[in-house]
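Remarks on the structure that follows.
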Amino acid sequence: MKHEDVVCPFCGCLCDDLEVTVEDGHIVGVKNACGISRSKFMSHGLNRVSAPTVEGKEASLEEAVRESVGILSGARRPLVYGLSSTECGAISKAVELAEATGGVLDNTSSVCHGPTILALQQVGESKATLGEIRNRADLIIFWGSNPTEAHLRHITRYSGTAKGMYVPEGRKGRRIIVVDVRETGTSKMADQFIKVEPNGDFELLEALRATVRGVALRAEAVAGVPMDQVRALAEVMKGARFGVVFFGLGLTQSEGRHMNIDAAVGLVAELNRHTKFLLTPMRGHYNVAGANAVTTWQTGYPYAVDFSRGYPRYNPGEYTSVDMLARGEADAALVLASDPASTFPVDAARGLAKIPVITLEQKITPTSMLSRVVIPVATAGIEAEGTAYRMDGVPIRLRKLVEPTEGVHSDEEVLGMILEGLKGGAEK
Amino acid sequence: MKELAIRNGYVFDPLNGVDGEKMDILLSGGRVVEKVKRGAEEIDASGMAVMPGGVDLHSHIAGSKINIGRLMRPEDHRRDQVPKGRVTRSGVGYSCPSTFVTGYRYAQMGYTTVMEAAMPPITARHVHEELADTPIIDKGAFTLMGNNYFTLKYVRDGDMEKLKAFVAWLLRATRGYAVKIVNPGGVENWKWGRNVHGLDGNVEDYGITPRQIISSLARVNEELGLPHTIHLHCNNLGVPGNYQTTIDTMDVAKTIKPRDERKTTIHVVHCQFNALAGNNWMNVRSGAPKIARYVNGNPHVTLDLGQVIFGDTTTMTGDGPWQFNLWNMTGNKWVNSDVEMEAGAGVVPYTFKPNNPANSVQWGIGIELALLVKDPWRVYMTTDHPNGGPFTHYPEVIAWLMSRKARTDAMNAMNKAVMKRTGLIDNYREYTFSEMAIATRAGTARALGLEGKGHLGQGADADAAVYRVNPTQWRPSQYKELEKAFSRAAYTVKAGEVVVKDGEVVATPTGATHWVNAKVPEDLEKEFIKDFEADFRKYYSVSLRNYPVEDAYLPAQRVHAAGGASP
């Protein structure tokens, strides 16, 4: 059976034009997908967690849930982390679970675009949905982001080469500029590459902003970029009919972090006094935007939320997972839809290894290997349905294409079971 | 079957001509009925005011815009933290409350139905996900259409039939309740960083005017027989002198023939922001008398206030260029969010200051509109939450409308411009309980065409509020008591169940989402879809198949028919 317009649950592009062929309950073909997406669909059955385990030993689902309830109800400062690669129903249950345990809730933004959110809370943001950019942008700047390797179909679907209402000629109708510390796949297809010194983004952004404001700077070069080039770039930006900056971790996770984004937002805001200009973060995980959205509408805050006082509190740097774990503050963790043991700094990963961890996973990962409880779950977007939010905030419904292995449930269902167990315990 | 009797209250049910009579309200199976069995649960409402559950027809409670507000304002949340309760979830309040808290706080004030005023079609799922997480109250959302590519295209082509098919299709696809228009043409121009100025300005790339967009949508709205009129945020919002644009805009809908039983053809939202006279923010004064004179002479218009509340709030509208202006005026943080093919939005925090002359005039304009429009059925109380201020301040607005002393005391504490540049000081009108019930439930329910809401007649939805104030003894000098009574309902009943008791939430049922199943003849539908699909495929960044909102997003739904057809 052929499924059309299938949504890809991999990156923040959330491409929704895939064609997936299913035979006898197995995916046998994928069309329109990028390499990563194809592999996600075709290999979703490989390396799976085969059964729930407790202390490394196979257990029934009931035993694993009971053990999880025990760990969470015995913990003084439990951490619920991950969320960004699952659907919104599961995220909603995770919020409820963190609230019920008086724990801390965090998602992967704390190690990717958290600084983007901090900047937004400081100064705002001027953004648009991706179709708006496809239809109108004649100037596209990739700053510290490299879609040719991280968001493979971004350039063809939404930005560089896509044809749009007011850019019918596609690539020829757009000027593409890459600002990065080294040449990348994206810079090779760009009209211009501007090499900025590592950790020099803030200075370069502020120099551009000053130049756009008409302030003459005396420097000869800023962050390794000659002042002539800075002035020329400022003119190009002002002269665009519709410009956009797509920025990635090169900006959020280099020196300056949220201050870099603050400067980028300020530059773009300033440009709006001359022309139309926007900026958009290149979100990585396919539903990290959804994790922020759900957590925000339910608690007021996008990540790093503490429920220990019975009401939500927010403090990145304190309630963020890396900090909680590195300080040895969390005494238990529930991880879903993420692999922090691989991606966290070593101090935080060590902190995770020292405490009882419950992991909801499809695959065997470094995190699942150090967990006390592992519960296999269905893959959202392949074996379970639900909502995901694209990097620009557009919500799309993920489809269920095949049945999960018997006895395997969705993240939302498993979290629901743990939550029921916790409530049952509280009532006794 | 759950039954409930609200006994001996002074009942205000203006749609059924009941004005403070002492009577029993009997509820069974989620409806108002004639009789209940012995042993039904009883509420002793003696000495208290009983009204239908409140109906808010314009509030921003769900979707990407309010969620941007929540996201960008942790400092706002910190002032109003809400702990988890026995039956309630935790959250935050003030200007951008979390979804759970939104439901609780409306119910605590005796409100049982609230309409989200601006839903961008492509993010409709987001609106519905949040509405599903908003407990207790019934709700609905108005679909943004005034700057939609297809609207502009069909207006340009003069193709009213396809426009009609499009409006019907989009309401169904987004599960929307009404046609919302925000700064028609201006938001489209903003996509190039510009605006339109007035009704006859040029909408770039289309060569049409806001006037054409409004009249076309108003006509199509009535031909489809939608329950509510067009719901319009006028051009030139926030521009001193704009009262003239507002009057001209109202006049555009004058010759439109309304659907059968309705007499109105246009609802002008948060009119305070569009009732400014003077030529700049230094000499701004009230345009309310001129607008009221027009409204009093023209029965096709309804409006809501958008009352200003002093203090810090978060402004959010679908009017991107206006929010850009506000950012330029205030220098506060600014989020702009353009939506492909359809709409836009902006969010800017703002503080209304009592010592600021312009803000005090704005405060006065809202109240003045409410007092000068003679027909209480056509002017409704809102703060355009959270633009004028958070909805939790409604009880203060009620006090200002029902007590001249309340507003005199308020005026004495603010800039004297309110005395000089509005006519408020010479206005002695005070709303009666009945008029207040019209402005907050009966009138709004009627304007929305929500037949089961806003009244307590046989068969009405069993939504009611009991307020701890004795209308036979209350005097306007006791406005503080009134405020208290309306802040914390003695009882709120939703679908026959007591959800609030003594101002505390005691149950959190799921409220229904209302939407309108509008239809056009099959041939027209086919012809439209062919044209629509081709453009959709070329210009949208999602597939058409993934665009309409699925049933899964509406855990409880109430479908309304258009044009008298069955839904």
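Values quoted throughout were computed directly from the atomic coordinates according to the rules given, and no laboratory measurement underlies them. Model, not experiment: these values are computed from the prediction. In this analysis, Cβ positions are derived from the backbone assuming ideal geometry, glycine residues included, and neighbour counts consider all displayed protein chains.
Computed values, structure above
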| read-out | value |
| --- | --- |
| Alpha-carbon spread of segment B:53-402, three principal axes, descending order, Å | 56, 44, 42 |
| Spatial extent of chain A: Rg and Dmax, with the Cα atoms as the point set, Å | 22.6, 73 |
| Using alpha-carbon coordinates, inclination of helix A:258-271 to the longest axis of chain A, degrees | 40 degrees |
| Folded to 0 to 90 degrees: helix A:88-101 orientation relative to chain A principal axis, Cα | 60 degrees |
| Ratio Rg/Rh, restricted to segment B:207-290 and using Cα atoms, in which Rh is the Kirkwood radius | 1.04 |
| Computed over segment A:212-369: relative contact order in percent, which uses C-alpha pairs under 8 Å that are six or more apart | 13 percent |
| Sequence-distant residues sharing a close amide H with B:V114 (under 5 Å, placed H) | B:D56, B:D138, B:K139, B:G140 |
| Shape call, segment A:173-238: gyration tensor on alpha carbons, a/c limit 1.5 | oblate |
| Those residues of segment B:492-529 whose amide nitrogen sits under 19 Å from the label point placed on B:A40, 7 Å along Cα→Cβ | B:492-500 |
| Distance between modelled label sites at B:T472 and B:N412, nm, 7 Å Cα→Cβ extension | 3.2 nm |
| Average other protein chain Cβ within 10 Å of Cβ, residues B:68-78 | 6 |
| Principal-axis tilt of helix A:61-74 within chain A, Cα atoms, nearest 10 degrees | 70 degrees |
| For chain A, calculated [θ]222 nm from helices alone, where every DSSP H run of n ≥ 4 adds -39500 (n - 2.57) | -10500 deg cm²/dmol |
| Kirkwood Rh and Cα Rg combined as Rg over Rh, evaluated for segment A:114-281 | 0.93 |
| About the Cα centre, charge dipole magnitude for chain A (Lys/Arg +1, Asp/Glu -1 at Cβ), debye | 1280 debye |
| Zone residues, segment B:304-326, relative to B:N355, backbone N less than 16 Å from point 7 Å out along Cα-to-Cβ | B:310-312 |
| Difference of contour (0.36 nm per residue) and Cα-Cα distance, B:K405 to B:A552 | 47.9 nm |
| Hydrodynamic radius by Kirkwood, which averages 1/r over all alpha carbon pairs of segment A:350-407, in angstrom | 13.3 Å |
| A:R157, A:R213, B:R38 arranged by Cβ crowding within 10 Å, fewest neighbours leading | B:R38, A:R213, A:R157 |
| Residues B:F532, A:F344, A:F277, sorted so that the one with the fewest Cβ neighbours within 10 Å comes first | B:F532, A:F344, A:F277 |
| Order of B:Y206, B:Y540, A:Y81 under a 10 Å beta carbon neighbour criterion, fewest first | B:Y206, B:Y540, A:Y81 |
| Using a Förster distance of 22 Å, the FRET efficiency for B:M282-B:D251 (Cβ separation, nearest 0.05) | 0.15 |
| Farthest positive-ward along the protein assembly as shown dipole, Cα basis, beta-carbon charges - from B:Y479, A:V7, B:G185 | B:Y479 |
| Charge tally in the Cβ shell below 15 Å around A:P198, where Lys, Arg are +1 and Asp, Glu are -1, A:P198 excluded | -3 |
| For the protein assembly as shown, alpha-carbon Rg relative to the globular expectation (2.2 N^0.38 Å, N residues) | 0.93 |
